[in-house]
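Note sheet for the following structure.
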There are 2 protein chains.
Amino acid sequence: MTTHDNDAFKPIATVDLAIFSLSPEGLAVLLVRRAAAPFSREWALPGGWIHIDEDADLEAAARRVLKEKTGVETPYLEQLQTTGSRDRDPRGWSISIVYIALLSADDVAKRQDAIAGDAEWRAIEGEGVGFSIAFDHALLLKEALGRIRSKVEYTNLPGHLLPVRFTLSELQSVYENLLGRKLDKSAFRKRMAEADFLEPVEGEMRRASNRPAQMFRLKDAQSLVLFDRRI
Amino acid sequence: MTTHDNDAFKPIATVDLAIFSLSPEGLAVLLVRRAAAPFSREWALPGGWIHIDEDADLEAAARRVLKEKTGVETPYLEQLQTTGSRDRDPRGWSISIVYIALLSADDVAKRQDAIAGDAEWRAIEGEGVGFSIAFDHALLLKEALGRIRSKVEYTNLPGHLLPVRFTLSELQSVYENLLGRKLDKSAFRKRMAEADFLEPVEGEMRRASNRPAQMFRLKDAQSLVLFDRRI
DNA sequence: CTAACTTAGTTGAAGATTTACACTAAGACG
DNA sequence: CGTCTTAGTGTAAATCTTCAACTAAGTTAG
């Protein structure tokens, strides 16, 4: 049953990230161009080996990769799933621990320069990016999109993609964009009030050639709030 | 950025299982006594190394461990999460990919003999088993219980713990047991009908000194059905 | 044989919630 | 000052939930 340490087979292990943000075309994911084999020159999800001395745990490794690629340190981050098989990497039995990160529009704008040279945002179309990417990353990305779309139904996830300050109408329009359907304004506002994850920013209003709108921010920018019912 | 294969640090990796069933005292988890160091002679979640030639992927490894410990081959199985850190195993940086398995009462009864000699069922009390177990397995078990209890609210999970054939009253009572509260009979039956995951077993009835009850079975014994609303 | 008992399964009224949509509010603009 | 635009609220009708009583179908005791 229990074996000696010598019997332990150690697979290749990487931590990979599906980092999302909002672009003018809707949801976008950060991809990097691989420099080395395998899949050299192809696009892939950002990721890396565990650094035995730097990384205290898996989440630390994910945060390190995230910072290397985007400069952002405190986004919403959650573990998605772990995939492992004999065939997914030509170098041998390998596993990938996949994390999802959501970047606020402010982070994307302010740190545009910090985005690593080999990295670029790609718009999401349907279940992926519309072209083929390295390893089984298309599948990992598809799983990440599934998780995100499912969570839009019953969490405040879209609030993590907006700028730090936003109006209820802006929030509603992100929900509608990600859900692919229109929502009732009055019901939407009631839900947000019940879920109690927003706080009004005192004094600040969005001004345009119409009635000014109250601005809000998330009470907690790093954790998701679950609703009682679907939106 | 991208490194040579030589730079890749490979952590220790195990697949560990939280295997649940119903005992007379309620929910129970299968624990094994460790034979070797570290934590020799202590109780732990069943698990093991990846077998490079036997296991095509992580789920195959989980199914292999499950079969070794219980004899059961086709239970409900889902990946819970992956934990990894420098400190969780005295032998060094290690990761554990944790799976949850649900065994039907029939599997437990019929395969009682197949349960490995070093394994025993332990009743769940609150957030664990009430005594200390090896590694960080108490924490992993707590996470597994959290996932299970949350899924009782909006899935047919309890149906996977019952015998293959059961009545609606029996199903309701498992829900009540796991939720820790009473449910309304009429609302409960409506939910189950809407969720459409049961099929009546033709002709079979549960007989006692009262009105006989229709027996049902799951339409699909290996997958969870999500409800539209909470139970 | 029948009345009492037990659990299965259904029904329906009262109350709560959701939905759809119209309405009012507050600014800019010409 | 009237029109336009988006913010934000109100409400009637429709739907869903809750709670409890009711009917159904068997066993068991006398």
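Within the stretch B:15-28, identify whether any single residue is among the hydrophobic types (A, V, I, L, M, F, W, C) and within 7 Å of chain A (Cβ to nearest Cβ), and answer yes or no.
No, the stretch B:15-28 has no match at all.
Tell me, which strands (runs of 3 or more DSSP E) lie completely within the stretch A:1-70 with 2 or more residues that are open to solvent by less than 20 Å² (accessible area, probe 1.4 Å)?
On the way: elements: A:12-23, A:26-33, A:47-49.
It comes to A:12-23, A:26-33.
Quick check on this structure: which one of B:ALA61, B:ALA123 is within 14 Å of chain A (Cβ to nearest Cβ) and either in contact with an Asp or Glu (Cβ under 9 Å, 6 or more places away or on another chain) or farther than 22 Å from B:LEU162 by Cβ (or both)?
None of the others qualify; the one that does is B:ALA61.
May I ask you to list the residues in the stretch A:84-105 that are at the interface with chain B (Cβ under 8 Å from one of its Cβ atoms) and assigned to a strand (DSSP E or B)?
Matches in the stretch A:84-105: A:GLY84, A:SER85, A:ILE95, A:ILE97.
I'd like the full set of residues that are touching a helix residue (DSSP H, G or I) at 6+ places or on another chain (Cβ under 8 Å), assigned to a loop (DSSP other than H, G, I, E, B), under 17 Å from B:ALA195 (Cα atoms) and not polar (S, T, N, Q), limited to the stretch B:148-177.
B:GLU153
Residues of the stretch A:196-231 being among the acidic types (Asp, Glu) and either within 13 Å of DNA strand D (Cβ to nearest atom) or over 30 Å from B:ASP228 (Cβ atoms) (or both), which ones?
Residues satisfying the conditions are A:GLU199, A:GLU202, A:GLU204, A:ASP228.
Being open to solvent by 40 Å² or more (accessible area, probe 1.4 Å), within 14 Å of DNA strand D (Cβ to nearest atom) and touching a residue at least 24 places away in the same chain (Cβ under 8 Å) is the requirement here; does A:SER169 meet it?
When the stated conditions are applied, A:SER169 passes them.
Given the condition on the phi < 0 side of the Ramachandran plot, in contact with a Leu (Cβ under 7 Å, 6 or more places away or on another chain) and among the aromatic types (Phe, Trp, Tyr), answer yes or no: does some residue in the stretch A:76-91 qualify?
Yes, that holds for at least one residue.
Which residues, taken from the stretch B:107-124, are modelled with pLDDT of 80 or more and closer than 21 Å to B:ALA44 by Cβ?
Matches in the stretch B:107-124: B:VAL108, B:GLY117, B:ASP118, B:ALA119, B:GLU120, B:TRP121, B:ARG122, B:ALA123, B:ILE124.
Can you say whether B:GLU73 is at pLDDT below 95, in contact with a strand residue (DSSP E or B) (Cβ under 6 Å, 6 or more places away or on another chain) and open to solvent by 30 Å² or more (accessible area, probe 1.4 Å), as far as the supplied structure shows?
No, not satisfied.
Taking the condition of being of a type outside the set (Asp, Glu), without any contact (Cβ under 8 Å) to a residue 60 or more places away in the chain and farther than 19 Å from A:GLY159 by Cα, how many residues in the stretch A:68-98 meet it?
Of the residues in the stretch A:68-98, 9 are of a type outside the set (Asp, Glu), without any contact (Cβ under 8 Å) to a residue 60 or more places away in the chain and farther than 19 Å from A:GLY159 by Cα.
The values are calculated or read from the model by the stated rules, or taken from the named source; none is laboratory data. Since the structure is predicted, the reported quantities are computational estimates derived from the model, not experimental observations. Counting neighbours? That spans all protein chains shown, and the Cβs are built from the backbone with ideal geometry, glycine included. Note: areas computed on protein heavy atoms with side chains; ligands, DNA, RNA excluded. Shrake-Rupley method; radii C 1.70, N 1.55, O 1.52, S 1.80 Å.
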